[in-house]
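Each remark here refers to the structure printed beneath this line.
The values are calculated or read from the model by the stated rules, or taken from the named source; none is laboratory data. These numbers were taken from a predicted model, which means no experiment stands behind them. Don't worry about glycine lacking a Cβ; one is built from the backbone with ideal geometry, like all the others, and counts go over all protein chains shown.
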């Protein structure tokens, strides 16, 4: 049962990404996982342990309190499990932090207000700050934020809108090109089975790809000389996200 | 001719009436250690608190019952009403109630008394309990309905958890007992703005 739950969670996640690609994905896909599932995931637990042992890296735009909250949220949105590392290991929060000083600057205030409101809601409803809650209670809070069921007056706007914002950016930070600061060590692409950016595909590559045996090349688009920021500039699917900034 | 037609009509009417009488479910008494009929639901069972599922108890389940099911619905919300907060089925007929705080994830086992019970899909499109969150303005009524069924619900492997509509369709003609507890909840303060258009999960809520 536990294993099935994890697989369903991941399938939902991948389905959501498949709709809009790695640039951005919006939609009502449920990707909250189970605390048991996360706890049971040995490879992911090892990765998480390594991450926690590393010295804390400074954030550029978020305050320390905001960064801690965001790390905890993305960790529940795309959690580590037996299929691999999740958003925390992909450094999705670092991607968001960096983008809030550039491409996502228009969302900076939404993060400041939304993260503070989420923590106030956790205190008001569960008697503890979000960081102090169990994984199950964190998921419960996030579900209420997602559905817009939070106590009136705590969020200045729609809590559901804030949830969608964070979810979209978490997906971008997990599955986008590592050039932008997320998808660390290509963990997002490995999770998807994406073999990487290629400027040339041989017949042998094509056969291997169709057989699901094409080895990931773990190369960013910007590792290629002919693929620079000017040629990579594309219009965003998420509204406020523009590549190449 | 008219007389004969009238006789046929009377006979058909009696036949229908007999059928209805034969299928009238027995009355089940539904109670709770924490919910009181016609009174306000404690915050613990709403998103203003921990959003735990409330404990329920029942008595008067007919001996012919093979399984039980529970639905919590709000007829004051939903598009169309009711908005569904909770669906539980395949509850053993021997169960005397549901304990507080059923798991919010499918990976966690159900408590021993209700082993085998399955939480169906609610109005938030999740297979768990989510409590009252009505828009400020007036109290909403929350009906905790218990059904006793004379046949087990056939669940196919890999089938998504049943919605209220699917459950009611599945148990049609099999309800041998029924009862409910109605409690209220009201919120004050500013209403949340509507979720952005196109968000699948928010559509059709109509305030719950």
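Below is a table of values for the structure above.
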item: Conditions (1) modelled with pLDDT of 95 or more; (2) more than 18 Å from residue A:96 (Cβ to Cβ): number failed by residue A:206; result: (1)
item: Residue within region B:40-61 that is within 11 Å of residue B:129 (Cβ to Cβ), touching a helix residue (DSSP H, G or I) at 6+ places or on another chain (Cβ under 7 Å) and outside any loop (DSSP other than H, G, I, E, B) present; result: no
item: All positions within region A:118-138 that are farther than 17 Å from residue A:163 by Cβ and outside any helix (DSSP H, G or I); result: A:127, A:128, A:129, A:134
item: Positions within region B:70-97 being over 30 Å from residue A:151 (Cα atoms) and touching a residue at least 60 places away in the same chain (Cβ under 8 Å), in sequence order; result: B:90
item: Failed item, numbered, when residue A:191 is tested on (1) modelled with pLDDT under 90; (2) touching a strand residue (DSSP E or B) at 6+ places or on another chain (Cβ under 6 Å); result: (1)
item: Total residues in region A:55-102, condition surrounded by 19 or more Cβ atoms within 10 Å (Cβ to Cβ) and without any contact (Cβ under 8 Å) to a residue 24 or more places away in the chain; result: 2
item: Residue match in region A:106-113 (condition: buried (at least 16 other Cβ atoms within 10 Å of the Cβ), within 21 Å of residue A:73 (Cα to Cα) and within 13 Å of another protein chain (Cβ to nearest Cβ)); result: yes
item: The lone exception for residue B:188 - which of (1) surrounded by fewer than 20 Cβ atoms within 10 Å (Cβ to Cβ); (2) more than 9 Å from chain A (Cβ to nearest Cβ); (3) assigned to a loop (DSSP other than H, G, I, E, B) it fails; result: (2)
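Residues are listed down the side, and each one gets a yes or a no for (1) touching a residue at least 24 places away in the same chain (Cβ under 8 Å); (2) away from chain A (no Cβ under 12 Å):
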position: B:121; (1), (2): yes, no
position: B:129; (1), (2): yes, no
position: B:134; (1), (2): yes, no
position: B:139; (1), (2): yes, yes
position: B:157; (1), (2): no, no
position: B:161; (1), (2): yes, no
position: B:169; (1), (2): no, yes
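Residue-by-condition table, conditions (1) within 14 Å of chain B (Cβ to nearest Cβ); (2) surrounded by fewer than 16 Cβ atoms within 10 Å (Cβ to Cβ); (3) more than 23 Å from the chain's Cα centre (by Cα):
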position	(1), (2), (3)
A:115	no, no, no
A:131	no, yes, no
A:134	yes, yes, no
A:142	yes, no, no
A:148	yes, no, no
A:177	no, no, no
A:181	no, no, no
A:186	no, no, no
A:206	no, yes, yes
